[in-house]
Amino acid sequence: MLPEIEGTTPFDSTMARRGYALNKMCFSFNHQANREAFRADPEAYMRQYGLTPQQADAIRSGQVLAMLEAGGNAYYLAKFAGIFGLDMQDIGAQQTGMTKTEFQAKLVAANFQ
Amino acid sequence: MAKIIGAVGTSHIPAIGGAIHKGVQNDPYWQPFFGGFPPVQQWLGQERPDVVVMFYNDHGLNFFLDKMPTFAVGAAPQYLSADEGWGIPAQPPVPGCQDLSWHLIEALTEREFDVVTCQEMLLDHAGTLPLKLLWPEGDGQGGWPVEIVPVCINTVQFPLPKPGRVYALGRAIGEAVAAWQSDKRVLFVGSGGLSHQLDGKRAGHINKGFDLQFLDSMVSNPEWATRYTNHELVELVGTQGVELLMWLAMRGALVAAGPGVREVHRNYHIPISNTATAVLALTT
């Protein structure tokens with residue numbers, strides 16, 4: 001077993017197996033028509049990709065940490081976030097429990113490490 | 001024989017494409033990043049490379065988890081891009097250098113790097129943004145001034161190729177380019193990094209000390225980062241900071257240009273999006 005990294009889950013074989021359906025759905029969002037189909041009927045779209053109950057709940061919640069726990073990969077989830085016009089600082093703020101302004105300040109503070 | 005003119009490492013972030021599209025490169029947020037490029041552009045204007053070998057990682061545009069190659073070499077006549085899910089404008093097609101693609105594929109296989117070959121390949125922001133940063137007018141009416149050979153390295157799904165192996169891949173590519181029967185001038189580009197993490201409770205992780213040491217190592221001690229495992233690199237530089245593997249490949253390729261690597265220019269800036277960004281140009 002590799003040592004745990006705090007606040008971090010490398011996308012390994014366990015996560016790749018667990019998250020396949022969720023990631024496959026997010027991969028489909030490369031295409032505008034698929035993003036529109038999801039928007040029009042999210043539940044039908046999730047059924048089409050066979051999401052597990054955990055994955056569907058995570059998508060409904062809009063919580064990125066829950067999507068990661070369900071096997072989501074950051075690169076594919078970013079395409080889901082794009083549907084809602086969220087940028088990476090929005091996503092970072094949500095996951096760290098900060099406001100976006102606080103998260104931006106944390107990034108800038110890295111200059112003084 | 002082909003001539004290796006040097007190597008450039010640069011960060012890639014989708015938001016950079018958005019900033020270029022909006023024309024806000026000189027805004028206070030963006031200027032410290034874009035301001036790092038004019039000296040590199042000027043150098044490239046003098047050196048005039050014909051072909052770029054682009055080490056990059058796909059972010060789920062061309063490859064999905066159904067078929068995930070560790071190393072993939074493009075062999076297409078041209079490379080198309082797409083909006084990647086965010087509605088960003090696609091770049092004009094980038095011409096491929098098929099002669100060099102197949103020369104590399106044959107040379108790599110001979111060296112026991114058994115790569116996946118792609119006669120069609122969508123190029124995501126990691127492949128297109130470095131071109132746009134290095135040749136800002138390059139997608140205009142005159143077309144891109146270079147052809148490319150994209151070399152995609154898996155950073156999506158573990159296990160990732162080991163840092164030492166990635167460096168060795170770069171070395172093999174550099175030696176193959178140096179032996180290529182051609183009068184073309186070749187530039188290596190490593191696209192990725194530096195430290196950043198998009199996912200998890202540690203999102204926003206940046207390691208300035210490591211980044212600066214890594215940049216120094218690129219000049220004078222290029223194998224320095226190969227002492228780490230990928231798991232250790234993730235801990236040090238973040239889940240996406242491990243994209244610095246692209247820089248290791250790029251620097252390995254430059255070894256074939258001979259000793260006495262010198263720095264043309266560097267810039268390091270925190271943050272753009274969630275990322276510690278850098279550009280570094282090297283020549284011999």
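Being more than 18 Å from the chain's Cα centre (by Cα), outside any loop (DSSP other than H, G, I, E, B) and crowded, with 16+ Cβ neighbours inside 10 Å is not true of B:Gly85.
Each row is one residue, and each column tells you yes or no for (1) within 19 Å of B:Asp58 (Cα to Cα); (2) in contact (Cβ under 8 Å) with a residue 60 or more places away in the chain; (3) in contact with a Leu (Cβ under 9 Å, 6 or more places away or on another chain); (4) aliphatic (A, V, I, L, M).
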position	(1), (2), (3), (4)
B:Glu110	no, no, no, no
B:Thr117	yes, no, no, no
B:His125	yes, yes, yes, no
B:Val146	no, yes, yes, yes
B:Ile153	yes, yes, yes, yes
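Consider the stretch B:118-138 and keep the residues that are part of a loop (DSSP other than H, G, I, E, B) and open to solvent by less than 30 Å² (accessible area, probe 1.4 Å). The one that is farthest from B:Lys184 (Cα to Cα) is B:Asp124. None of B:Ala225, B:Ala203, B:Ala249, B:Ala253 is open to solvent by less than 30 Å² (accessible area, probe 1.4 Å), small (Gly, Ala, Ser) and more than 30 Å from B:Lys3 (Cβ to Cβ) except B:Ala203.
The rows are residues; the columns are (1) in contact with a Leu (Cβ under 7 Å, 6 or more places away or on another chain); (2) more than 9 Å from chain B (Cβ to nearest Cβ).
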| residue | (1), (2) |
| --- | --- |
| A:Gln55 | yes, yes |
| A:Phe84 | no, yes |
| A:Thr99 | no, yes |
| A:Gln104 | no, no |
| A:Ala110 | no, no |
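Among the residues making up the stretch B:1-41, those that are assigned to a helix (DSSP H, G or I), closer than 25 Å to B:Arg185 by Cβ and of a type outside the set (Val, Ile, Thr) are B:Pro38, B:Pro39, B:Gln41. Only a single item in (1) within 26 Å of B:Ile13 (Cβ to Cβ); (2) assigned to a loop (DSSP other than H, G, I, E, B) is not met by B:Tyr79, and it is number (2). With respect to the conditions (1) surrounded by fewer than 22 Cβ atoms within 10 Å (Cβ to Cβ); (2) in contact with a Ser or Thr (Cβ under 7 Å, 6 or more places away or on another chain), B:Ala19 falls short on a single one, namely (2).
Of everything in the stretch B:181-200 that is out of contact with any strand residue (DSSP E or B) (no Cβ under 6 Å at 6 or more places or on another chain) and surrounded by fewer than 19 Cβ atoms within 10 Å (Cβ to Cβ), the residue that is farthest from B:Ile148 (Cα to Cα) is B:Gln181.
Could you tell me whether any residue of the stretch B:242-262 is touching a Phe, Trp or Tyr at 6+ places or on another chain (Cβ under 9 Å), within 14 Å of chain A (Cβ to nearest Cβ) and not hydrophobic (A, V, I, L, M, F, W, C)? Yes, because at least one residue in the stretch B:242-262 is touching a Phe, Trp or Tyr at 6+ places or on another chain (Cβ under 9 Å), within 14 Å of chain A (Cβ to nearest Cβ) and not hydrophobic (A, V, I, L, M, F, W, C). Criterion applied to B:Val115, B:Val166 was being crowded, with 23+ Cβ neighbours inside 10 Å and among the hydrophobic types (A, V, I, L, M, F, W, C), and the one residue passing it is B:Val166. The residue of the stretch B:179-215 that is farthest from the other protein chains (Cβ to nearest Cβ), among those that are part of a helix (DSSP H, G or I) and within 13 Å of B:Val242 (Cα to Cα), is B:Phe214.
Selection of the stretch B:257-270 for residues being of a type outside the set (Val, Ile, Thr) and either open to solvent by less than 10 Å² (accessible area, probe 1.4 Å) or under 17 Å from B:Pro130 (Cα atoms) (or both) yields B:His265, B:Arg266, B:Asn267, B:Tyr268, B:His269. Within the stretch B:138-172, being of a type in the set (S, T, N, Q) and modelled with pLDDT of 95 or more holds for B:Asn154, B:Thr155, B:Gln157. Does B:Asp199 qualify as being free of Cβ contacts under 8 Å to residues at least 60 places away in the same chain, within 23 Å of A:Ala74 (Cα to Cα) and not hydrophobic (A, V, I, L, M, F, W, C)? Criteria met by B:Asp199. Taking (1) surrounded by 23 or more Cβ atoms within 10 Å (Cβ to Cβ); (2) at pLDDT 95 or above; (3) not small (Gly, Ala, Ser) in turn, A:Asp57 satisfies each apart from (1).
Across the stretch A:8-53, the qualifying residues are those that are among the small types (Gly, Ala, Ser) and part of a loop (DSSP other than H, G, I, E, B), and the one among them that is least open to solvent (accessible area, probe 1.4 Å) is A:Gly19. Restricting attention to the stretch B:27-79, the residues that are among the acidic types (Asp, Glu) and either loosely packed, with under 14 Cβ neighbours inside 10 Å or in contact with a helix residue (DSSP H, G or I) (Cβ under 9 Å, 6 or more places away or on another chain) (or both) total 3. For the stretch B:139-154, the set of residues classified as open to solvent by less than 30 Å² (accessible area, probe 1.4 Å) and more than 19 Å from B:Leu108 (Cβ to Cβ) consists of B:Trp144, B:Val146, listed by residue number.
The values are calculated or read from the model by the stated rules, or taken from the named source; none is laboratory data. All of these numbers come straight from a predicted model, not from anything done at the bench. Here Cβ is always computed from backbone atoms with ideal geometry, including for glycine, and neighbour counts include all displayed protein chains. These accessible areas exclude ligands, DNA and RNA; they are computed on the full protein's heavy atoms, side chains included. Shrake-Rupley method; radii C 1.70, N 1.55, O 1.52, S 1.80 Å.
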